[in-house]
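Single-structure report; data block below.
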Amino acid sequence: MQYVILLTVLVVSVNAAPTMPKNLIHLFSDTNLGEFGEFFEGDMILTKEQKLAVTAAMEGRNGLKGGAKRWPNRTVVYHIEEDDFDEDQVKIIETGMADIANKSCLKFVKREHDEHAVVIQGSANGCFSNVGLSVDDEDGEVNQVLNLAKGCFRHGTVVHEMLHTIGFYHMQSTYDRDDYVKIVWENIRAGTEHNFAKYNNDTVTDFGVPYDYGSVMHYPETAFSKNGNKTIIPLQENVTIGQRDGLSESDIIKLNKMYCEDSEENSKDVM
Ligand SMILES: [Zn+2]
């Protein structure tokens, strides 16, 4: 009986998500997954072009040439779907933006007319975002979204999704992650293994910043576990992974290197 009710809820939720981009996967299998849904790497939605580039990169071929794009003029233009949120939630969203802005040169500016903007919505299940400025060259403009369902309202989770919007991928996908964490494949839920893909050195840059267990972009130890056992084990003792309190020191450094300095590394994608 419970099962039937859950299914009904899911169907309703899917129908109630009319603002999802048409060309992106949107499957909802669990309302309690938070970041760990069925999007690419759990909570990232990639354009067709990005997906192809990432697949190629995972296979050790080309880098993420047309990967995560930077927002121009160090400015993220946004629109909050006010009807989807209550006052407290809007405050948490605004605090997230203010935190990033205060610690970098980035600005968040409300959409005024019909310019490209990330639409911050709560109408779909889960917490997810496009990666970087998402304007699809072939098909015209992508409907860029940052979705924050009820379970996403933690400062660190909101900031995590905003960093995807800005252009960051996940920490544990970086090329040298095997020197820092062990992936326990036998504990990973079947069909979600791609979430643990690692990108090659040509694809991503860490801006020379060492691997950061404390990044807000790192998965926790039991991400996508099928049995509650660990899927990611840090190789260093006494470290914690998967914090969602807020930006780490290294997150802030990378954010600044990515947007606030001009360098060659800025043409690469960021973990
Ligand atoms: Zn994520």
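Just so it is clear, none of the values below were taken in a lab; they were calculated from the coordinates. Keep in mind the model is a prediction, meaning the values are calculated, not measured. Glycine gets a Cβ as well: all are built from the backbone with ideal geometry, and neighbour counts include every protein chain shown.
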For Val118, other-chain or 5+-apart residues with amide H closer than 5 Å (H placed, Pro excluded) are Val77, Tyr78, His79
FRET efficiency for Lys51 and Glu82, Cβ-Cβ distance as r, R0 = 35 Å, nearest 0.05?
0.65
Counting other beta carbons within 10 Å of each residue's own, what order do Lys107, Lys198 fall into, fewest first?
Lys107, Lys198
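Which pairs in the list Lys182/Lys226; Lys226/Lys254; Lys107/Lys198; Lys198/Lys226; Lys69/Lys230 are over 25 Å apart, alpha-carbon to alpha-carbon?
Lys226/Lys254; Lys107/Lys198; Lys69/Lys230
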Of Lys110, Lys182, how do they rank once you tally other Cβ atoms within 10 Å and put the fewest first?
Lys110, Lys182
Per the rule of 0.36 nm per residue minus the C-alpha distance, extending Thr95 to Arg70 adds in nm 6.8 nm
Proxy exposure order for His160, His79 (fewest C-beta within 10 Å first) is His79, His160
Need one word for the range 193-254: rounded, prolate or oblate. Basis is the Cα gyration tensor (sqrt eigenvalues a ≥ b ≥ c); a/c below 1.5 gives rounded, then a/b vs b/c decides.
oblate
